[in-house]
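Structure record follows, encoded as structure tokens.
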Amino acid sequence: MSAWDEARPEMSKEERHLLADLFQQHCGFVLREDLKFVAERRLASRLELLGLRDFGAYARFLRFDPRGGEELETAIELLIPHETYFFREPAQLECFEQELLPLLTKQNRASRGLQLWSAGCASGEEPYTLAMLVSARPELAGWALDVLGTDLSRRALSTARKAEYGLTSLRATSDAQRERFFEPLPANRVRVKEAVREKVRFGQLNLLDSSLSLLPRFDAIFCRNVLMYFDVPTRKRVVERFFERLKDGGFLLLGHSENLLTLSTRFELVQLEGDLVYRRPS
């Protein structure tokens with residue numbers, strides 16, 4: 001353990017509130033009390049690098065220093081988890097494939113196109129998974145598919161665009177799926193095949209930005225394990241923006257630990273055989 005580790009500054013209640021206000025204003029992330037120790041540990045190296053003695057000085061740096069905006073992105077990068085993998089939450093994906101895709105196929109028969117959005121896509125496994133699921137449906141052969149993956153993290157998006165992954169990202173991927181959708185690389189790594197990659201595009205996006213209104217409308221939005229990091233007013237604000245970016249009859253799918261039951265929204269709750277989803281009424 002280094003001398004810095006031994007003398008690592010602790011975050012006071014007031015300092016946590018100062019940082020929490022900055023993070024929440026920037027992207028909606030709530031620095032809860034139970035995350036204080038994690039924040040102390042992960043941000044300690046930033047204080048050392050910047051020559052700051054405590055988290056109060058760090059908060060002032062973020063707010064007033066010309067480099068504060070860039071550093072704020074770095075801090076958020078360190079605090080928000082980016083853990084994901086292909087075919088995550090298989091029961092929900094099966095519901096999407098077996099129940100929602102047939103409905104969307106019927107709705108879009110005239111246009112022969114599907115637009116999907118993975119909001120908070122981290123390193124890209126989810127949007128690629130959606131493209132794989134659609135590609136596996138023979139009745140959708142020849143359809144135009146556009147999958148958008150967005151995230152706040154530029155580093156995670158860099159990984160997503162490379163489309164190269166290690167074995168941990170394949171832990172829920174079957175041998176048949178691996179053979180069909182991936183090509184092998186050295187050192188037990190894989191690359192998503194071009195036929196899938198060409199259906200997916202990525203962009204850096206803050207869900208609180210007004211630029212969200214410039215996005216097209218989608219048939220389905222996946223936002224899994226993102227809303228849990230927001231407070232209730234921010235969650236409601238983001239959910240309303242999702243509503244506006246869905247086509248009539250489009251679906252919003254959340255993580256299994258998330259729901260809209262405590263929010264008043266314009267979505268209708270739909271009980272499918274395999275899952276609960278939210279729909280913008282037709």
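The values are calculated or read from the model by the stated rules, or taken from the named source; none is laboratory data. These numbers were taken from a predicted model, which means no experiment stands behind them. Reconstructed Cβ throughout: ideal geometry from the backbone, glycine too, with neighbour counts over all protein chains shown.
For (1) closer than 17 Å to LEU276 by Cβ; (2) surrounded by fewer than 16 Cβ atoms within 10 Å (Cβ to Cβ); (3) of a type outside the set (Ser, Thr, Tyr); (4) in contact with a Pro (Cβ under 8 Å, 6 or more places away or on another chain), each residue gets a yes or a no:
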| residue | (1), (2), (3), (4) |
| --- | --- |
| GLN98 | yes, yes, yes, no |
| PRO102 | no, yes, yes, no |
| SER118 | no, no, no, yes |
| SER123 | no, no, no, no |
| PRO127 | no, no, yes, no |
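Kindly indicate whether any position in segment 247-261 is outside the structural domain of LEU31 (by TED's automatic domain parsing), modelled with pLDDT under 95 and among the aliphatic types (A, V, I, L, M). Yes, segment 247-261 contains a residue that is outside the structural domain of LEU31 (by TED's automatic domain parsing), modelled with pLDDT under 95 and among the aliphatic types (A, V, I, L, M). For segment 113-138, a residue qualifies if it is of a type in the set (Gly, Ala, Ser), in contact with a helix residue (DSSP H, G or I) (Cβ under 7 Å, 6 or more places away or on another chain) and over 14 Å from LEU254 (Cα atoms), and the qualifying residues are ALA122, SER123, GLY124, ALA131, SER135.
Among the residues making up segment 226-282, those that are of a type in the set (Ser, Thr, Tyr) and in a loop (DSSP other than H, G, I, E, B) are SER257, THR262, SER264, THR265, SER282. Output the residue which, of all residues in segment 181-221 that are in contact with a helix residue (DSSP H, G or I) (Cβ under 8 Å, 6 or more places away or on another chain) and in a helix (DSSP H, G or I), is nearest to PHE87 (Cα to Cα). Step by step, filter segment 181-221, then rank; the result is PHE181.
In contact (Cβ under 8 Å) with a residue 12 or more places away in the chain, basic (Lys, Arg) and surrounded by fewer than 15 Cβ atoms within 10 Å (Cβ to Cβ): does that describe ARG109? Against the criterion (in contact (Cβ under 8 Å) with a residue 12 or more places away in the chain, basic (Lys, Arg) and surrounded by fewer than 15 Cβ atoms within 10 Å (Cβ to Cβ)), ARG109 does not qualify. Of all the numbered requirements in (1) in contact with a Phe, Trp or Tyr (Cβ under 8 Å, 6 or more places away or on another chain); (2) within 30 Å of GLU70 (Cα to Cα); (3) of a type outside the set (Phe, Trp, Tyr), LEU93 misses one, and that requirement is (2). Checking every residue in segment 226-233 against the condition of being closer than 21 Å to GLU73 by Cβ and in contact with a strand residue (DSSP E or B) (Cβ under 7 Å, 6 or more places away or on another chain) gives at least one match. Being under 20 Å from LEU130 (Cα atoms) and crowded, with 18+ Cβ neighbours inside 10 Å is the requirement here; does TYR229 meet it? The answer is no for TYR229.
For beta carbons closer than 9 Å, sequence separation of 6+ or different chains, a first residue in segment 23-48 that is among the hydroxyl-bearing types (Ser, Thr, Tyr) and a second that is surrounded by fewer than 17 Cβ atoms within 10 Å (Cβ to Cβ), the qualifying pairs are SER45/TRP4; SER45/LEU78.
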